[in-house]
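Below is one structure, written out as structure tokens; comments come after it.
The values are calculated or read from the model by the stated rules, or taken from the named source; none is laboratory data. Keep in mind that this is a model prediction, so the values were computed, not measured. Methodologically, a virtual Cβ is constructed for each residue, glycine included, from the backbone with ideal geometry; neighbour enumeration extends over all protein chains shown.
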Amino acid sequence: MFGRIAARYDAANRVLSAGFDLGWRKRLVRRVAQYAPRRLLDLATGSGDVAFALARGLIEPPAILGMDFCQPMLDQAEQKRRAAKDDRYGSIRFAQGDGLNLPLPAGEFDVVTISFGLRNMADRHRALQEMRRVLRPGGALLVLEFSQPNALIRPFYFFYLKHLLPVIGGWITGDASAYRYLNQTIAAFPGRVALEGELVAAGFTNVSSEGLTGGTVALHQGLA
């Protein structure tokens, strides 16, 4: 499914989020900067927007590995890197890998980020355990993901997800079914407190979260 929409994925994200995705990534970058990582894994990197934002936004860009299960999305990331001709992107490499069985050694990274990808993992607990495994002791996981919105905006938000998002997403990408899937996974995804509990169950400590844009998105963090 992600392979089918890879070519128009970025355009759809910008329109469907009304540009808020730019601010969400900036918030993530600021949080990552607090850990001053030397080695960073951006899991479910997709077309590379988070990896690129990290390379631009950190004063000393770490060695960044962008990993994704979907090769067409990684192809888009490589095309964007070549087109940008930005020296800061020299710190990034992209590779294919399964989030449920990462082809990486234990304790390899100071920080792991995953943005709007945890929701797509077939087994969240196993995926979180894999992220913890590849972090060094005391390393940080940061999860940027859709969440359950505040009560005031919830009816309007879910109306948008159910009735408008598939139409707009289908118009941009030619694949409305992908955005019906998006609606379904967002509606079924746990809220902040429940996801904090899942991080704790996977072995993370010092778990916390921050709601963004009326709670429609949350930034979670925990230490390995």
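Residues are listed down the side, and each one gets a yes or a no for (1) outside any helix (DSSP H, G or I); (2) within 20 Å of R88 (Cβ to Cβ); (3) polar (S, T, N, Q); (4) at pLDDT below 90:
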{"residue": "V15", "(1), (2), (3), (4)": "no, no, no, yes"}
{"residue": "G23", "(1), (2), (3), (4)": "no, no, no, yes"}
{"residue": "V32", "(1), (2), (3), (4)": "no, yes, no, no"}
{"residue": "P37", "(1), (2), (3), (4)": "yes, yes, no, no"}
{"residue": "S47", "(1), (2), (3), (4)": "yes, yes, yes, yes"}
{"residue": "F52", "(1), (2), (3), (4)": "no, yes, no, no"}
{"residue": "A55", "(1), (2), (3), (4)": "no, yes, no, no"}
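Spot the failing condition for A106; the list is (1) surrounded by 13 or more Cβ atoms within 10 Å (Cβ to Cβ); (2) in contact (Cβ under 8 Å) with a residue 12 or more places away in the chain, and only one is missed.
Of the numbered conditions (1) surrounded by 13 or more Cβ atoms within 10 Å (Cβ to Cβ); (2) in contact (Cβ under 8 Å) with a residue 12 or more places away in the chain, the odd one out for A106 is (1).
Go through (1) part of a helix (DSSP H, G or I); (2) touching a Gly at 6+ places or on another chain (Cβ under 9 Å); (3) within 26 Å of Q129 (Cα to Cα); (4) in contact (Cβ under 8 Å) with a residue 40 or more places away in the chain and name the single condition Q76 misses.
Only one criterion in (1) part of a helix (DSSP H, G or I); (2) touching a Gly at 6+ places or on another chain (Cβ under 9 Å); (3) within 26 Å of Q129 (Cα to Cα); (4) in contact (Cβ under 8 Å) with a residue 40 or more places away in the chain is unmet by Q76, namely (3).
Considering only the stretch 135-149, state which residues are over 22 Å from K26 (Cα atoms) and either in contact with a Gly (Cβ under 6 Å, 6 or more places away or on another chain) or not small (G, A, S) (or both). It would help to see each step written out before you state the result.
Step one: of the stretch 135-149, the residues over 22 Å from K26 (Cα atoms) are 135-138.
If the condition is that a residue be over 22 Å from K26 (Cα atoms) and either in contact with a Gly (Cβ under 6 Å, 6 or more places away or on another chain) or not small (G, A, S) (or both), then L135, R136, P137 are the ones that fit.
Would you pick out the residues in the stretch 122-143 that are within 20 Å of T216 (Cβ to Cβ) and of a type outside the set (V, I, T)?
R124, L142
Of the conditions (1) touching a Lys or Arg at 6+ places or on another chain (Cβ under 7 Å); (2) assigned to a strand (DSSP E or B); (3) not polar (S, T, N, Q), G107 satisfies every one except a single condition; which number is it?
Going through the list (1) touching a Lys or Arg at 6+ places or on another chain (Cβ under 7 Å); (2) assigned to a strand (DSSP E or B); (3) not polar (S, T, N, Q), G107 breaks only (2).
Provide a single number: the residues in the stretch 132-161 that are loosely packed, with under 14 Cβ neighbours inside 10 Å and on the phi < 0 side of the Ramachandran plot.
7
Filter the stretch 122-157 down to the residues that are among the hydrophobic types (A, V, I, L, M, F, W, C) and either free of Cβ contacts under 8 Å to residues at least 60 places away in the same chain or in a helix (DSSP H, G or I) (or both) and list them by number.
Result: A122, A127, L128, M131, V134, A151, F156.
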